[in-house]
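Okay, so here's the structure we're looking at.
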Amino acid sequence: MARTGNKSIQAKLVLLGDMGTGKTSLVLRFVKGQFFDFQESTIGAAFFTQILSLNEATVKFDIWDTAGQERYHSLAPMYYRGAAAALVVYDISSMDSFVRAKKWVQELQRQGNPTLVMMLVANKADLETKREVATEEGERYAQENGLLFIETSAKTAQNVNELFYEIGNFFVRSP
Ligand code: GDP
Ligand code: MG
């Protein structure tokens with residue numbers, strides 16, 4: 001995270017989580033305001049930038065949307081090196097994806113970066129009828145592990161901007 005001047009913050013943000021949980025969809029919703037029912041799988045990694053104007057600062061996000069690590073379950077250092085924030089995404093309609101999200105959290109914790117802001121993102125909140133992971137379950141895990149937590153839907157846009165605003169505000173407030 002770099003500060004240029006007083007009120008401009010640049011932050012590298014990385015998205016992790018199981019394939020199909022909606023990482024790319026969350027980024028496209030945030031950056032372009034779009035959603036695709038048949039989102040093409042990401043190959044390698046995709047890079048996006050987006051600027052958020054907050055009351056006290058401007059935050060420029062450099063967003064790394066990963067793919068493929070899902071398969072090998074090991075994180076290429078280039079993704080997390082220098083990252084200020086990590087979003088670990090699961091799909092509320094897949095207990096499997098929640099289990100794997102916890103593995104990603106553990107992997108990140110092993111990297112031993114004490115200033116990394118981690119947020120657990122419970123995506124596909126619109127799939128309430130197929131829900132396998134209770135909100136409280138995600139919330140509790142996040143609380144126990146010192147993570148931020150938010151439930152989102154890239155499809156309906158629920159809480160997607162809020163997610164990035166919350167991260168942005170976290171940086172503005174942190175010394
Ligand atoms: P990624 O592999 O984690 O990048 O996941 P994608 O963004 O490619 O999304 C995988 C699939 O889930 C696509 O068919 C998306 O349209 C769908 N998807 C993503 N987010 C949501 C969501 O919030 N709700 C619903 N119902 N589907 C979603
Ligand atoms: Mg993707």
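Assuming charge only on the beta carbon of Lys and Arg (+1) and of Asp and Glu (-1), the dipole of region 123-168 about its Cα centre is about 200 debye to the nearest 20.
Taking 0.36 nm per residue of separation and subtracting the Cα-Cα distance, full extension of the segment from residue 67 to residue 156 would add 29.7 nm.
Computed from backbone phi with θ = phi - 60° and the Karplus coefficients 6.51, -1.76 and 1.60, the 3J(HN,Hα) list for region 47-57 is 10, 9, 10, 8, 10, 10, 9, 9, 4, 9, 6 Hz; x is used for glycine and proline. A Förster distance of 45 Å, applied to the separation of the beta-carbon atoms of residue 145 and residue 58, puts the FRET efficiency at 0.90. Roughly how far apart, in whole Å, are the Cα centres of region 5-60 and region 92-170? Region 5-60 and region 92-170 have Cα centres spaced 15 Å from each other.
I'd like the orientation of helix 160-173 relative to the chain: the angle between its Cα long axis and the longest Cα principal axis, in ° from 0 to 90, rounded to 10. For helix 160-173, the angle is close to 40 degrees. Based on protein heavy atoms only, region 7-173 ends up with 48 Å² per residue of surface accessible to a 1.4 Å probe. Relative to the longest principal Cα axis of the chain, at what angle does helix 135-144 sit, 0 to 90 degrees, rounded to 10? Computed tilt is about 50 degrees.
Under 5 Å between amide hydrogens, built in the peptide plane, is the criterion, and for residue 86 it picks out 14, 117, 118, 119 among residues at least 5 positions away or on other chains. Close amide H contacts of residue 149 (hydrogens built in the peptide plane, cut-off under 5 Å, sequence separation of 5 or more or a different chain): 120. Across region 7-173, C-alpha contacts under 8 Å between residues 6 or more apart give a mean separation that, scaled by the residue count, equals a relative contact order of 26 percent. Work out the charge dipole of the chain with +1 on the Cβ of Lys and Arg and -1 on the Cβ of Asp and Glu about the Cα centre, then indicate which of 112, 94, 157 is farthest towards its positive end. Result: 112.
At an R0 of 30 angstrom, the distance between the Cβ atoms of residue 129 and residue 49 translates into a FRET efficiency of 0.25. Using DSSP, restrict attention to beta bridges with both residues in region 7-173 and report what percent are antiparallel, rounded to the nearest 5. About 25 percent, rounded to the nearest 5. Each Lys and Arg adds +1 at its Cβ and each Asp and Glu adds -1 at its Cβ; summed about the Cα centre, region 7-173 shows a dipole of about 520 debye.
The values are calculated or read from the model by the stated rules, or taken from the named source; none is laboratory data. Treat the numbers as computed from the prediction; the structure is a model and nothing was measured. Using ideal geometry, Cβ is built from the backbone for each residue, glycine included, and neighbour counts are taken over all protein chains shown. Surface accessibility is based on the protein's heavy atoms, side chains included, excluding ligands, DNA and RNA. Shrake-Rupley method; radii C 1.70, N 1.55, O 1.52, S 1.80 Å.
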